[in-house]
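To keep things clear, I will list the structure first and then write my remarks on it.
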């Protein structure tokens, strides 16, 4: 841009020839064309950015949930259990320009319709076209199990087929450009995880 500006500086001819006016016209015309091209390119770039932004804000992040650790739960579970889970959560952000920011939430792990453990999901941000990984720790205290549920769980645990359901309710931020949180919606994540029982590989 500096080079163009330097080329567009008008320098009068040293003599007072009659073609002085035509000289100014010849010099100004390419300068005006160059400036018009620069303005058009800047306008096109802004329009592309705006269009991409509105495409981005409609894209939804994808979540994967794995079981990183488990304690307090096995085939000999009694009438009450106090299990603890550590969930490994990965968030993939498909947006090109806009980060995916979550203001936190809640996670619950259940079995047979009974909530076994619960806890908060921390705040996180996945950068544009990037990913965020976080550990979510949940714990339950004195959760009662019926006799039928205990027998079913023991059988599935020994066979390696016991499965728990993970539900996360996340309050997410619309874009992340502002320092002030603007809550724009809720993401509900539902996953089923196989517990590492006796027959699990």
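Taking 0.890 mPa s as the viscosity and 25 °C as the temperature, the Stokes-Einstein diffusion coefficient of segment 62-194 based on its alpha-carbon Kirkwood radius rounds to 154 µm²/s. A full extension of the chain between residue 110 and residue 137 corresponds to an added length of 8.3 nm, given 0.36 nm per residue minus the alpha carbon distance.
For the pair residue 46 and residue 188, what calculated FRET efficiency results from E = 1/(1 + (r/R0)^6), where r is the Cβ-Cβ distance and R0 = 30 Å, to the nearest 0.05? In this case the efficiency is close to 0.25.
Computed from the coordinates by the stated procedures, all read-outs in this text should not be read as laboratory data. Just so you know, these numbers come straight off a predicted model, no measurement behind them. Heads up, the Cβs are rebuilt from the backbone with ideal geometry, glycines too, and the neighbour counts pull from every protein chain shown.
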